[in-house]
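All remarks here apply to the structure that follows.
The values are calculated or read from the model by the stated rules, or taken from the named source; none is laboratory data. Note that the coordinates shown come from a computational prediction; the quantities given were computed from them, not determined experimentally. Ideal geometry is used to build each Cβ from the backbone, glycine not excepted, and the neighbour counts take in all protein chains shown. We work out accessible area using only protein heavy atoms, side chains counted, and drop any ligands, DNA or RNA first. Shrake-Rupley method; radii C 1.70, N 1.55, O 1.52, S 1.80 Å.
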Amino acid sequence: MKAKLILANGMVFHGKSIGSTAERVCEMVFNTSMTGYQEILTDPSYAGQGIVMSYPLIGNYGVNHEDNESARPWAEAFIVRHLTVRGSNFRCEGGLNEYLKQHDITGIEDVDTRALTRILRSEGTMNGMITCAEHFSVEECLEKIRAYRVEGTVEKVTRKEPQVYPALTAQQLRVALMDYGVKENMIRCLQKRGCQVTVYPAHTPAETVLSGGFDGVMLSNGPGDPADNVEIIAEVKKLYESDLPLFAVCLGHQLLALATGAQTRKMRFGHRGGNHPVKDLEHGRAYITSQNHGYVVTRESVKPEVAEISHVNVNEGSVEGLKYKRPNCFTVQFHPEASPGPMDTEYLFDNFVDMMNKKGGAR
């Protein structure tokens, strides 16, 4: 079946339908990763978005239950140059096209995704629509496309009830993890370092966490504009004002910055991929990182009496990490659990565990 991708700038791309045939309007973003499409689709940070894969061959190793980063995919749409019909891998449990259909993800292939990526880089991230309709009015489609806004996504992806994950080693530390769209491997990185992890819904009051006898708190990744989460930011500020060790990633990093007086802005096209170089200013080392964000903490808004910039993006100098003057508190914009290096930045989880131990953890 034929399909069309219509962008907010009026451009129309013609291709072939994959996955669901439902009409879908969403924010179109691109990802430069060569592998990891299943982890990308199941990353809650993509809620409300359609993903353009710049690498031309997608689906060649199929899908399996082990690689999911959450219970279900969250992407609205998937755009590829070529979708492999049959996956070839000893862990393969099915094809990607069937997976997209199963989870009602609208897709399109036979699109020049590298040309599409160049458009999104030069003109910036924009909304788009995928439709299988044979006859349609571009002007009517553009009205729907331009009216769309990514909102309410944290409420959509967060769990409804707390959930406890046991430590995988003998050492026992108790960590409260705020779920704004957490990825499963973030939980596993804590478990294998001797942490029992209690994952809380996004709108859990800070008082519940602070009275829980935890050794530390982690703020997870998640989707959408961080400034939209006014109530959550107020609770994050209470967590910051406690003396518990605090570690935040991606959206959590942005929420904590907003809670302490800094500001965020939307980037032209964001950082999404597995090859973004980041420099750790304290140690003078550069790391290859996995990233997925469309907003960033503005450098000029970081108050020196509150925090100092600890990590920067090597390509364009944007803020990638903050070390707070308040003891035992640090945050990063990138994903240390995503293993692009493959384990270059997992040392951040070790630093978090060391903080908790030094403060009297492992009770």
Checking GLY361 against (1) surrounded by 19 or more Cβ atoms within 10 Å (Cβ to Cβ); (2) at pLDDT below 95; (3) within 22 Å of ASN185 (Cα to Cα): exactly one of these is not met. Which one?
(3)
If you check GLU161, GLU76, GLU109, which single one turns out to be touching a His at 6+ places or on another chain (Cβ under 7 Å), modelled with pLDDT of 95 or more and of a type in the set (Asp, Glu)?
GLU109
Would you mind listing the strands (runs of 3 or more DSSP E) fully within the range 1-46 where at least 3 residues are among the hydrophobic types (A, V, I, L, M, F, W, C) and open to solvent by less than 20 Å² (accessible area, probe 1.4 Å)?
2-7, 24-31
Could you list all residues from the range 317-350 that are at pLDDT 95 or above and open to solvent by 60 Å² or more (accessible area, probe 1.4 Å)?
LYS323, LYS325, PRO327, ASP350
I'd like the full set of residues that are in a strand (DSSP E or B) and open to solvent by 20 Å² or more (accessible area, probe 1.4 Å), limited to the range 47-68.
LEU57
Is the range 129-143 home to any residue that is modelled with pLDDT of 95 or more, touching a helix residue (DSSP H, G or I) at 6+ places or on another chain (Cβ under 6 Å), among the β-branched types (Val, Ile, Thr) and not in a helix (DSSP H, G or I)?
no
Considering residues that are of a type in the set (Lys, Arg), part of a helix (DSSP H, G or I) and either surrounded by 14 or more Cβ atoms within 10 Å (Cβ to Cβ) or within 15 Å of the chain's Cα centre (by Cα) (or both), the number found within the range 145-167 is 1
In the range 88-122, what residues are closer than 21 Å to SER17 by Cα, open to solvent by 10 Å² or more (accessible area, probe 1.4 Å), not in a helix (DSSP H, G or I) and not small (Gly, Ala, Ser)?
HIS103, ASP104, GLU109, ASP110, ASP112
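For (1) touching a residue at least 24 places away in the same chain (Cβ under 8 Å); (2) in a loop (DSSP other than H, G, I, E, B); (3) surrounded by fewer than 19 Cβ atoms within 10 Å (Cβ to Cβ), each residue gets a yes or a no:
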residue	(1), (2), (3)
THR169	yes, yes, yes
MET178	yes, no, no
GLY181	yes, yes, no
MET186	yes, no, no
LEU190	yes, no, no
THR208	no, no, yes
GLY213	yes, yes, yes
PRO223	yes, yes, no
Can you tell me which residue in the range 192-205 is farthest from LEU348 (Cα to Cα), limited to those that are open to solvent by less than 50 Å² (accessible area, probe 1.4 Å) and assigned to a loop (DSSP other than H, G, I, E, B)?
THR204
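Which ones in the range 78-87 are open to solvent by 30 Å² or more (accessible area, probe 1.4 Å) and either closer than 21 Å to ASN31 by Cβ or touching a helix residue (DSSP H, G or I) at 6+ places or on another chain (Cβ under 7 Å) (or both)?
Of everything in the range 78-87, those that are open to solvent by 30 Å² or more (accessible area, probe 1.4 Å) and either closer than 21 Å to ASN31 by Cβ or touching a helix residue (DSSP H, G or I) at 6+ places or on another chain (Cβ under 7 Å) (or both) turn out to be ARG81, HIS82.
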Inside the range 250-292, can you point out the residues that are among the β-branched types (Val, Ile, Thr) and closer than 22 Å to THR35 by Cα?
VAL278, ILE288, THR289
Just wondering, is there one or more residues in the range 60-67 that are on the phi < 0 side of the Ramachandran plot, among the hydroxyl-bearing types (Ser, Thr, Tyr) and touching a strand residue (DSSP E or B) at 6+ places or on another chain (Cβ under 6 Å)?
no
